[in-house]
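Where a number appears in this text, it was derived from the coordinates with a stated rule and is not lab data. These numbers were taken from a predicted model, which means no experiment stands behind them. For neighbour counting, all protein chains shown are included, and Cβ atoms are generated from backbone atoms with ideal geometry for every residue, glycine included.
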């Protein structure tokens with residue numbers, strides 16, 4: 001019997017929010033994010049959460065006390081997420097937020113408020129790092145899905161991530177068929193109050 005979570009992710013794919021391949025493979029990929037975190041986060045945010053990955057999987061099957069924010073700029077995707085959260089009975093600890101990350105990261109309700117930020121396919125490394133850094137508390141962790149053959153020093157240069165308050169990026173490979181490649185960054189330093197820049201600038205003029 002198909003689980004409600006798998007049914008919802010199948011719906012997400014039908015709506016065009018999720019890429020090809022078996023839904024079960026997408027679930028395994030999302031599960032890998034939990035392996036990258038040593039301590040269950042109190043508050044977590046899924047950046048560009050519209051297709052439901054990894055956020056829905058992590059909220060439904062991992063860390064039952066974690067409070068989540070699912071952030072996406074597209075209203076059709078947030079409408080789907082609202083339905084999914086309700087059907088999975090996660091209303092009490094998952095909030096769906098429609099908005100641009102550059103603006104949400106300046107909201108006092110979100111800025112510096114998260115122990116964990118996840119990103120599966122939000123954007124290029126520089127864009128993801130700039131939008132995620134101000135959402136994290138000091139010591140908070142960013143976990144990002146990474147292409148299998150990516151060169152860490154090219155995509156996540158030390159000088160670039162340090163300027164955004166992160167320590168050096170660490171590559172993680174979670175066993176599976178196929179293995180899941182992730183990058184983990186920890187917020188260790190102060191962050192310029194001007195970060196993130198205004199909407200659109202992180203992608204138009206990446207910092208690294």
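Side notes on the structure shown:
- Beta bridges assigned by DSSP with both partners in the chain are antiparallel in approximately 40 percent of cases.
- Springs between Cα atoms under 10 Å define the GNM used for the chain, and in it the highest mean-square fluctuation of 185, 152, 142 occurs at 152.
- Approximate spin-label separation residue 3-residue 87, in nm, with each point projected 7 Å along Cα-to-Cβ: 1.5 nm
- Long-range tail of P(r) for the range 17-65 (Cα pairs > 18 Å, %): 26 percent
- Taking every DSSP helix (H) stretch of at least 4 residues in the chain, weighting each as -39,500 (n - 2.57) and dividing the sum by the residue count yields a mean residue ellipticity at 222 nm of -9000 deg cm²/dmol.
- Residues 181, 29 arranged by fewest to most Cβ contacts within 10 Å: 181, 29
- The share of alpha-carbon pairs in the range 29-129 lying farther apart than 18 Å comes to 41%.
- Summary of the geometry: the range 30-50 and the range 129-150, compared by the centres of their Cα atoms, lie 11 Å apart.
- The range 70-90 and the range 5-27 have their alpha-carbon centroids 14 Å apart.
- Relative contact order (%) - criterion: Cα under 8 Å, at least six apart; region: the chain: 18 percent
- Ellipsoid equivalent to the range 116-208 - semi-axes via the Cα gyration tensor, in Å: 22, 14, 12
- Kirkwood hydrodynamic radius (C-alpha pairs) into Stokes-Einstein, the chain, 25 °C and 0.890 mPa s, D in µm²/s: 144 µm²/s
- Using a Förster distance of 25 Å, the FRET efficiency for residue 79-residue 103 (Cβ separation, nearest 0.05): 0.85
- Relative exposure of 146, 151, judged by other C-beta atoms within 10 Å (fewest first): 151, 146
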